[in-house]
Every structure is written in structure tokens, then in C-alpha cells.
Amino acid sequence: MSLKLRNGIFLAPFHPVHEDPTLCIQRDLELIEYLDRLGYEEAWVGEHHSAGYEIIASPELFIAAAAERTRRIMLGTGVVSLPYHNPLMTANRIIQLDHQTRGRVLFGVGPGLLPSDAFAMGINPSVQRERMVEAIEVILRLFNGERVTHQSDWFTLKDATCQLRPYTWPHPEIAVASSVTPSGGRLAGRHGFGLLCVAATQMAGYDALSINWKIANDVAAEHGQKMDPAKLRLVGPVHIAESRERAFENIKFGFDKWQEYFSGISAVAGRDAMEAQSVEDLIKQDVIVVGTPDDAIAQIRRLQQKQGEFGCFLQLAHNWADFEATKKSYELWQRYVTPVINKANEARETAFSWAKDNKEQFIGAAAMAAMQTIQKHHEEEEAKKAAKAAE
């Protein structure tokens, strides 16, 4: 039996610099609330510290607020940039969130995406990936309840331990970001982490997707483990409406601003593939979806054909359209894309066809039963009259 595909979003977030930041963050919280009501399973929230566009600096703070507004959606750090934090502090924050959400937190980790973030902190980008590996391996020991002494060139722990054990046993699910380089795949394979492919439909990311998944599986096999495709998450940009014309009209609201940022200031992890290309060109190359639910279904089929089974598709939250049209897009996905991909209506369709194909038999039997009931009623009435006349 094939995997049930989970639905979610990856909320960087992207907010144009001319909008009020307070209202932007509040709208992000409202969006998570709305997705929870629609039945989306996951929402991942990014960490960024520069460039003015991706304005959530602490996914943990955001998740704490979102958890109080929602009931069932899983909330992930997308991602905690591990080289920016002392591992003990990171472990403690995630454990606290795990308790506050009663197990609804997912722990996404990465080296840090924006080079400007690293430069602002005096971190050489060349050391970020090795620091990510060093940090997560210490965090795993802390999650396990160990008392850790560790001397590094960027942090020191002396007889450190976490005051709490995780609410989720043995710890929240961990997923590592993967875009173009193989570092995420190698780390996921070594520890059995999930893989969060943040550039799954972009040029370089699309080409690297199957390679990095193979790397993860190969490394997992070397360590006596097997990668779980249910923990493979792919991220891609989507906006859908009732018609393609409506979808194209909707994205006039904000696509150009997003493209300017995504391809210009933040040209990393395959994002430069967005530069100087029209919406139509990006659609033709399957980088983005702008259209109808059928177009979204086709994109999922393409990814499944290329990758094989994966557990979750995360729509990249981008604010191409205004808030009402954005919410409508997410609703259309859940109403019309999800049931097709997960074959949710197969039993209904079979039942409908069976009833339609046999309608003459069923209607005939029902008509006969009605006639028999009417006949019986008449006979009973005649018997009553005869009995009364005999008195």
C-alpha cells in the first residue's frame, strides 16, 4: 500500500518590506490557525536574521504562540540554524516546546541558509555545515539525558544536562534541511533523521533531490539503518484558483516582489533559478504551480515519478496573492488535490458506480416492495370492512 501523502506549508516567511511587520506576523499566525481547521498536518517555520524579508527570527517563539491557537497540526522549526546557538540552549528550548505542545513539535535543523545571517554573526560560511553536525550530535546526547562535557572552538559545555526529558519519547522527530549539497543527506542517513528538501522543485534542488536521497540511503545502510520515505518532505511553490485565469490574476498582487527577493538578495540553494524568468517559463519548467487543482495534482505526480514515495508535500508560503485568495488556494488544495493524491474517494466512487450500474434492479425491487405494501394495505382495509359488516 502506498504512503498517505501529508499536507503542510513551509513558512519562511516572505513579507515585502513595504508592509507592517506586526500585521505580517499576526497574519502568519492566522494562516496556521486556518490550516489547522482545514486539516493540514504540518507547518514549518523558518529562522532568519537579516535581509528584511523573512522576518521570523525565532521559530520557537512563533510555534509557542501558534500551538495555543491550534489543536492538531504539527509545528516544525524550519529550521533552527544550529551554528547560531549553543546546543544546550537549543535542546532546552525544543524540550520545553515539546512539553508545551504535548508532542506537536518537529525539530528541523540546518546550517543556516542566508549568508548575510552568518556574516552578521562573524561566522565563516565554510564552517557552518560541520558546526551543524557537531551541534546535533551533542543535542542528541542531551535529549538522551546524558551529562555532557564538550570543548569546541565555538561553544563550551561543562557537565551540562537538560533539566527535563522530552515529552515525545525518545525525542521529537528530527529532520535535516537538504537543498543542493549532500551534507543534509549524509547527516540524515547517519542518524535516521527525516529529510526536509527545501528546493525540491527548483533547478539545482530538483536535480539534487534524487542524488541526496540516494546518499542518505547509502549512508543509512552503512550504519545498519534504513531511511523512511514517510519522513521525506518536499517543498515547492503553489498557488491555485478555480481557473488558471483567476490564479494568474491573483498573483499580480505579490509575485514580482517575491521574485525580486527570492532571486536577487537570496540567490542560494537554487533560488537563483528564479531570476529574470517569467511566470510562464517557471511553470513550463515545473518550478512553480500557478493554475488549478489539476495543475497541482500534476506537479505531485511529477515529483512522485522522479522521487518515488515521499511522506509530505509542503507548499512554500509566499504571499503571491492577497490573504483571501491565499486562503482559498489552500482550501482548494485540501478539497480537490488531497483526495485525488490519497485516493480518499475511491470507495465513494465505487459505491456510486455500483448503485448507478444496478439502479434498474434496485429501483425495480423498491417499486415492487412499494406495490406490495400498498396491496397489503388495501387487503387489510378490505378485511376490516368485511369483519365490520359481519357484526
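The values are calculated or read from the model by the stated rules, or taken from the named source; none is laboratory data. Treat the numbers as computed from the prediction; the structure is a model and nothing was measured. FYI the Cβ positions are ideal-geometry reconstructions off the backbone, even for glycines, and counts take in every protein chain you see.
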Just to confirm my filter: which helices (runs of 4 or more DSSP H) fall fully inside segment 277-391 and include at least 3 residues that are aliphatic (A, V, I, L, M)? 279-284, 293-307, 346-357, 359-390
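Consider segment 212-256. How many of its residues are of a type in the set (A, V, I, L, M) and not in a strand (DSSP E or B)?
Step one: filter segment 212-256 for residues of a type in the set (A, V, I, L, M), giving 215-216, 219-221, 227, 230, 232, 234-235, 238, 240-241, 247, 251.
If we keep only those that are not in a strand (DSSP E or B) too, we end up with 215-216, 219-221, 227, 230, 241, 247, 251.
Counting residues in segment 212-256 that are of a type in the set (A, V, I, L, M) and not in a strand (DSSP E or B) gives 10.
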Among 372, 307, 361, 315, which is modelled with pLDDT under 95 and either surrounded by 14 or more Cβ atoms within 10 Å (Cβ to Cβ) or closer than 24 Å to residue 2 by Cβ (or both)? 307
What about residue 113, is it assigned to a strand (DSSP E or B) and out of contact with any helix residue (DSSP H, G or I) (no Cβ under 7 Å at 6 or more places or on another chain)? no
Top-ranked residue of segment 207-230 - restricted to ones that are touching a Leu at 6+ places or on another chain (Cβ under 8 Å) and surrounded by 19 or more Cβ atoms within 10 Å (Cβ to Cβ), ranked as nearest to residue 174 (Cα to Cα): 227
State yes or no: is residue 147 at pLDDT 95 or above, basic (Lys, Arg) and surrounded by 15 or more Cβ atoms within 10 Å (Cβ to Cβ)? no
Residue 30: passes all of (1) charged (D, E, K, R); (2) more than 30 Å from residue 123 (Cα to Cα); (3) out of contact with any strand residue (DSSP E or B) (no Cβ under 6 Å at 6 or more places or on another chain); (4) buried (at least 17 other Cβ atoms within 10 Å of the Cβ) but (4)
What are the pairs, 6+ residues apart or on separate chains, where a residue within segment 111-131 that is at negative phi has its Cβ under 8 Å from a residue that is among the acidic types (Asp, Glu)? 114/54
If you check every pair at least six apart or on different chains, which have Cβ atoms under 6 Å apart with a residue in segment 160-186 that is in the same structural domain as residue 150 (by TED's automatic domain parsing) first and a residue that is surrounded by fewer than 24 Cβ atoms within 10 Å (Cβ to Cβ) and of a type in the set (Lys, Arg) second? 161/147; 183/129
Scanning segment 71-91 residue by residue, those in a helix (DSSP H, G or I), in contact (Cβ under 8 Å) with a residue 24 or more places away in the chain and farther than 16 Å from residue 176 by Cα turn out to be 88
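Given the criteria within 19 Å of residue 83 (Cα to Cα), among the β-branched types (Val, Ile, Thr), in the same structural domain as residue 262 (by TED's automatic domain parsing) and crowded, with 20+ Cβ neighbours inside 10 Å, does residue 109 qualify? Give the derivation first.
Details: within 19 Å of residue 83 (Cα to Cα): yes; among the β-branched types (Val, Ile, Thr): yes; in the same structural domain as residue 262 (by TED's automatic domain parsing): yes; crowded, with 20+ Cβ neighbours inside 10 Å: yes.
Yes: the conditions hold for residue 109.
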Taking segment 74-101 and keeping only residues that are touching a Lys or Arg at 6+ places or on another chain (Cβ under 7 Å) and within 25 Å of residue 34 (Cβ to Cβ), one is left with 74, 75
Please name all residue pairs, on different chains or six or more residues apart, with Cβ atoms under 6 Å, provided the first residue is in segment 231-249 and is more than 20 Å from residue 287 (Cβ to Cβ) and the second residue is at pLDDT 95 or above. 231/194; 231/311
Can you tell me which residue within segment 39-64, out of those that are surrounded by fewer than 16 Cβ atoms within 10 Å (Cβ to Cβ) and aliphatic (A, V, I, L, M), is nearest to residue 338 (Cα to Cα)? 61
Would you mention how many residues in segment 104-131 are modelled with pLDDT under 95 and in contact with an Asp or Glu (Cβ under 7 Å, 6 or more places away or on another chain)? 0
Residue by residue through segment 134-170, note down the ones that are assigned to a loop (DSSP other than H, G, I, E, B) and of a type in the set (A, V, I, L, M, F, W, C). 154, 155, 162, 164, 169
Inside segment 8-27, can you point out the residues that are over 15 Å from residue 318 (Cα atoms) and either hydroxyl-bearing (Ser, Thr, Tyr) or crowded, with 23+ Cβ neighbours inside 10 Å (or both)? 22
